[in-house]
1. Which of the residues that make up segment 73-87 are closer than 19 Å to residue 3 by Cα and surrounded by 14 or more Cβ atoms within 10 Å (Cβ to Cβ)?
2. Hey, can you tell me all the residues within segment 3-32 that are modelled with pLDDT under 90 and either over 14 Å from residue 79 (Cβ atoms) or assigned to a helix (DSSP H, G or I) (or both)?
3. For segment 1-35, which positions are without any contact (Cβ under 8 Å) to a residue 40 or more places away in the chain and under 17 Å from residue 49 (Cβ atoms)?
4. Can you tell me which residue is nearest to the chain's Cα centre (by Cα) among those in segment 33-56 that are surrounded by 11 or more Cβ atoms within 10 Å (Cβ to Cβ) and not in a strand (DSSP E or B)?
């Protein structure tokens with residue numbers, strides 16, 4: 001799925017807001033595809049179908065924001081590094 005110019009701008013705005021709040025990673029859960037942002041990552045917790053984001057206040061992106069991040073999947077070897085999207 002390719003993002004149009006407006007979607008790219010929305011995505012960048014979300015990434016910048018997360019980054020400004022100290023979040024550095026975004027990862028997708030296995031079962032529902034929910035996206036969570038965290039400040040650090042412990043690794044994938046296969047038995048629970050989630051990434052271990054080492055932050056008690058991890059941030060769940062809104063369901064409608066999911067379409068702006070089609071490239072972030074559970075199957076990814078590493079979580080998405082937010083700074084990469086700001087370059």
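The values are calculated or read from the model by the stated rules, or taken from the named source; none is laboratory data. Everything numeric in this text was worked out from a predicted model, so none of it was measured. When we count neighbours, we look across all protein chains shown, and the Cβ atoms used for this are built from the backbone with ideal geometry, even at glycine.
1. Across segment 73-87, the qualifying residues are 80, 82, 85.
2. 31, 32
3. Those that are without any contact (Cβ under 8 Å) to a residue 40 or more places away in the chain and under 17 Å from residue 49 (Cβ atoms): 31, 32, 34, 35.
4. 34
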